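Below is one structure, written out as structure tokens; the observations come after it.
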Amino acid sequence: MVEAKTILVTGGCGFIGSNFIHYMLGKYPSYRIINLDKLTYCGNLDNLCEVVQQPNCTFVKGDIADRERVRGILHDERVGVIINFAAESHVDRSIEDPDLFLRTNILGTQVLLEGAREAKIPLFIQISTDEVYGSLGTKGFFTEATPLKPNSPYAASKAAADLMVRAYAKTYGLASIITRCSNNYGPYQFPEKLIPLMISNAVEDRELPIYGDGLNVRDWIYVGDHCQALDVILHRGKSGEMYNIGGASERTNLQVVRTILESLGKPESLIRFVKDRPGHDRRYAMDFSKLKQELDWQPLMTFEQGIQQTITWYVEHRDWWQRIKTGEYREYYERMYGNR
């Protein structure tokens, strides 16, 4: 068990990272969070407007691939744990520009690992994804022993980062844990992803584009359940282990979209099927029995509950996602921080 009084969260202005910061500061008010984020297009300080002024929440604008910036933070602060959420994660963008994904997801992770080794950080947690396993057939589940078979530049970059974490653990004895989670949804998700895109487009009566036949299956987990799993792993997880995190809520993309339309009272005529993404994985599903058996965790939110809460949040926070869609939020940050 690691004393996690000061946590360096990388990518804390993104979707899952910001939800984790909210969760941790709410549950552990004596903890200190240092949030290192580059504020790329999907990094949004608005996600943390309720906590960013708290004395135990420090924001540092910076790139995880910047060795001097990382060393400076780890040298000046008494960090107990690094939790690496920072990543380029949009598959379509990885197909268009894979170089950026390799730099951030692989080199950035290695820079953090080297910084952790030099500073003798007690624990490094790598936030990975089920996409590193590739695509499932109609049956079966990914386990922690499933071979890595990534099918997109994004997934390949995350798989490589996971292997780098493993290498630092085996070669240098760095205490580390890798977590791989299924598809998240909930508040503060960048409206380029399926669920927030469908909700925001439906609210504005715009077309809802669905890849292929819409029958690709994902295991959905509410982001709050993911944060609870990370809390358990942080405090009771075993160094050197890997933990799958799942939501036990398999749905096709078409089922998800129809649920959203029904909840908002919008017609299915808004749906438009578009050309499928290259290398589009057909199905993901996670076996999280190891996490359940060893650390007594399981998701609490059903998909029906979680999707309704998510829809309500986006309806009530229209200003938040409209600022993103218009690009207004980026202009504000560039005035504040420049392009450093």
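State the Kirkwood hydrodynamic radius of the range 129-282 in Å, one decimal place, computed from all pairs of distinct Cα atoms. This gives a value of 17.2 Å. Give me D for the range 51-208 in µm² s⁻¹, whole number, from Stokes-Einstein with Rh from the Kirkwood sum over alpha-carbon pairs, 10 °C and 1.306 mPa s. Rounded to a whole number, D works out at 91 µm²/s. Rounded to whole numbers, the Karplus 3J(HN,Hα) couplings from phi for the range 143-154 are 10, 5, 8, 5, x, 7, 9, x, 10, 10, x, 4 Hz, using 6.51 cos²θ - 1.76 cosθ + 1.60 with θ = phi - 60°, and x at Gly and Pro. Among Asp319, Asp219, the ranking by other beta carbons within 10 Å of each residue's beta carbon, starting with the fewest, stands as Asp319, Asp219.
Averaging 1/r over each pair of different alpha-carbon atoms in the range 1-75 and inverting the result gives 12.5 Å, the Kirkwood hydrodynamic radius. Can you compute log10 of I(q)/I(0) for the range 6-337 with the Debye formula, treating each Cα as one identical point scatterer, at q = 0.11 Å⁻¹? The computed values of log10 I(q)/I(0) come out as -0.68.
With neighbours defined as other Cβ atoms within 10 Å of a residue's Cβ, the residues Ser269, Ser30, Ser176 order from fewest to most as Ser30, Ser269, Ser176. Amide H to amide H distances under 5 Å link Ser176 with Phe124, Gly240, where only residues 5 or more positions off or on other chains count and H is placed in the peptide plane. When the charge dipole of the chain is built from unit charges on Cβ atoms (+1 for Lys and Arg, -1 for Asp and Glu) and taken about the Cα centre, the candidate among Trp321, Gly246, Ile127 whose Cα reaches farthest toward its positive end is Ile127. Computed extension length for Ser289-Ser239: 16.2 nm, one decimal, from 0.36 nm per residue of separation with the Cα-Cα distance subtracted. The phi-based Karplus calculation (6.51 cos²θ - 1.76 cosθ + 1.60; θ = phi - 60°) puts the 3J(HN,Hα) values of the range 286-292 at 9, 9, 10, 5, 4, 5, 5 Hz, whole numbers, x for Gly and Pro. Phi angles across the range 10-24 convert, under the Karplus curve 6.51 cos²θ - 1.76 cosθ + 1.60 with θ = phi - 60°, into 3J(HN,Hα) values of 9, x, x, 9, x, 4, 6, x, 5, 5, 5, 5, 4, 4, 5 Hz, Gly and Pro given as x. The helix-only estimate of mean residue ellipticity at 222 nm for the chain, built from DSSP H runs of length n ≥ 4 each weighted as -39500 (n - 2.57), is -12500 deg cm²/dmol after division by the residue total. For the listed peptides 108-118, 163-173, a ranking on the average number of other beta carbons within 10 Å per residue, highest first, reads 108-118, 163-173. In a reduced charge model with +1 at each Lys and Arg Cβ and -1 at each Asp and Glu Cβ, the chain shows a dipole moment near 600 debye about its Cα centre. Under the combined filter of DSSP loop state and at most 10 neighbouring Cβ atoms within 10 Å, the range 224-304 retains none of its chymotrypsin sites (Phe, Trp or Tyr not before Pro). Near Leu136, once Lys and Arg are set to +1 and Asp and Glu to -1 for all other residues with Cβ below 13 Å from its Cβ, the sum equals -1.
No value in this document is a laboratory result; all are computed from the given coordinates. Treat the numbers as computed from the prediction; the structure is a model and nothing was measured. Cβ: placed from backbone, ideal geometry, glycine included. Neighbour counts: every protein chain shown.
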